[in-house]
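Asker: This is the structure, below, for whatever I ask next.
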């Protein structure tokens with residue numbers, strides 16, 4: 001009789017312990033974790049190094065998906081194109097080098113994460129998303145295969161394209177054919193924009209204004225080059241702009257929480 005009582009007590013204890021473990025496990029909430037935040041830009045080698053660090057230092061179950069969140073008040077296409085660290089490059093490294101599918105790399109845009117001292121900025125964050133976890137706060141979301149950045153122009157010339165006029169005409173045609181696309185024209189500079197580059201950016205702006213496209217369909221601006229620069233022999237200041245088209249999926253195909 002005593003043996004049976006002891007067995008019952010033992011079984012009861014096992015059941016209680018099992019129940020407590022189950023309750024404890026059910027209360028464990030998986031959450032997205034901020035991996036890194038770029039405020040001042042990052043070159044190609046830095047981004048590649050950080051992507052490798054993410055893969056090596058974070059358990060695979062804790063990074064089932066990766067969210068690249070841009071802190072910006074601009075619409076998603078412009079926010080991605082002007083971000084301090086290139087979201088398209090980060091996605092490229094995750095998909096091409098680390099075996100992520102495009103659906104597991106998500107672009108987000110949020111205005112909540114902008115610093116108070118620079119509310120007009122465009123900061124890039126990388127988040128590790130465990131299985132079942134909610135995405136960090138956002139106002140727009142797309143999987144990485146729903147947004148595409150394409151460089152136009154065939155004659156590369158020191159961080160720009162020599163045939164920028166032809167590239168600009170191609171951009172205008174693309175924007176007229178695709179209402180969800182936008183155009184981005186950067187004049188990359190090293191220390192300060194050269195007179196030739198400034199003149200060409202003004203020319204580009206006039207051409208776009210005369211095209212009849214709405215002003216919110218394109219962006220023209222100088223942009224500091226944030227990747228490697230040769231000091232010996234020193235790189236010269238770029239003279240030609242770079243022309244890009246950013247195409248986005250329709251709103252109904254937008255990535256969901």
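Asker: With respect to residue 189, is the statement that it is more than 19 Å from residue 89 (Cβ to Cβ) and touching a helix residue (DSSP H, G or I) at 6+ places or on another chain (Cβ under 8 Å) true? Steps first, please.
Answerer: On the way: more than 19 Å from residue 89 (Cβ to Cβ): yes; touching a helix residue (DSSP H, G or I) at 6+ places or on another chain (Cβ under 8 Å): yes.
It is true that residue 189 is more than 19 Å from residue 89 (Cβ to Cβ) and touching a helix residue (DSSP H, G or I) at 6+ places or on another chain (Cβ under 8 Å).
Asker: Right, here's the next one. Can you tell which of 194, 211, 230, 236 is free of Cβ contacts under 8 Å to residues at least 24 places away in the same chain and out of contact with any strand residue (DSSP E or B) (no Cβ under 6 Å at 6 or more places or on another chain)? If you could, list the steps in order and put the result at the bottom.
Answerer: Values: 194 fails: free of Cβ contacts under 8 Å to residues at least 24 places away in the same chain; 211 fails: free of Cβ contacts under 8 Å to residues at least 24 places away in the same chain; 236 fails: free of Cβ contacts under 8 Å to residues at least 24 places away in the same chain.
Answer to the check: 230.
Asker: Does residue 115 fit the bill of being crowded, with 18+ Cβ neighbours inside 10 Å, touching a strand residue (DSSP E or B) at 6+ places or on another chain (Cβ under 8 Å) and either in the same structural domain as residue 77 (by TED's automatic domain parsing) or assigned to a loop (DSSP other than H, G, I, E, B) (or both)? Full working, then the answer.
Answerer: Values: crowded, with 18+ Cβ neighbours inside 10 Å: no; touching a strand residue (DSSP E or B) at 6+ places or on another chain (Cβ under 8 Å): yes; either in the same structural domain as residue 77 (by TED's automatic domain parsing) or assigned to a loop (DSSP other than H, G, I, E, B) (or both): yes.
Considered against the rule, which asks whether it is crowded, with 18+ Cβ neighbours inside 10 Å, touching a strand residue (DSSP E or B) at 6+ places or on another chain (Cβ under 8 Å) and either in the same structural domain as residue 77 (by TED's automatic domain parsing) or assigned to a loop (DSSP other than H, G, I, E, B) (or both), residue 115 comes out as no.
Asker: I'm checking my understanding of the structure. Among residues of the stretch 192-208 that are out of contact with any helix residue (DSSP H, G or I) (no Cβ under 8 Å at 6 or more places or on another chain) and within 24 Å of residue 75 (Cβ to Cβ), which one is surrounded by the most Cβ atoms within 10 Å (Cβ to Cβ)?
Answerer: Here is the first cut: in the stretch 192-208, the residues out of contact with any helix residue (DSSP H, G or I) (no Cβ under 8 Å at 6 or more places or on another chain) are 192, 194-199, 201-203, 205-206.
Narrowing further to those that are within 24 Å of residue 75 (Cβ to Cβ): 201, 205-206.
On the way: 201: 20, 205: 14, 206: 11.
Among residues in the stretch 192-208 that are out of contact with any helix residue (DSSP H, G or I) (no Cβ under 8 Å at 6 or more places or on another chain) and within 24 Å of residue 75 (Cβ to Cβ), the one surrounded by the most Cβ atoms within 10 Å (Cβ to Cβ) is 201.
Asker: What's the total number of residues in the stretch 76-98 that are in contact with a helix residue (DSSP H, G or I) (Cβ under 9 Å, 6 or more places away or on another chain) and in a loop (DSSP other than H, G, I, E, B)?
Answerer: Total satisfying the criteria: 2.
Asker: Of the residues 137, 179, only one is assigned by TED's automatic domain parsing to the domain that holds residue 74, within 29 Å of residue 68 (Cα to Cα) and in a loop (DSSP other than H, G, I, E, B); which?
Answerer: Working: 179 fails: assigned by TED's automatic domain parsing to the domain that holds residue 74.
From the options 137, 179, the qualifying one is 137.
The values are calculated or read from the model by the stated rules, or taken from the named source; none is laboratory data. On a predicted model such as this, the values are computed, not experimentally measured, just so you know. Cβ coordinates were reconstructed from backbone atoms using ideal geometry, including for glycine residues, and neighbour counts include every protein chain displayed.
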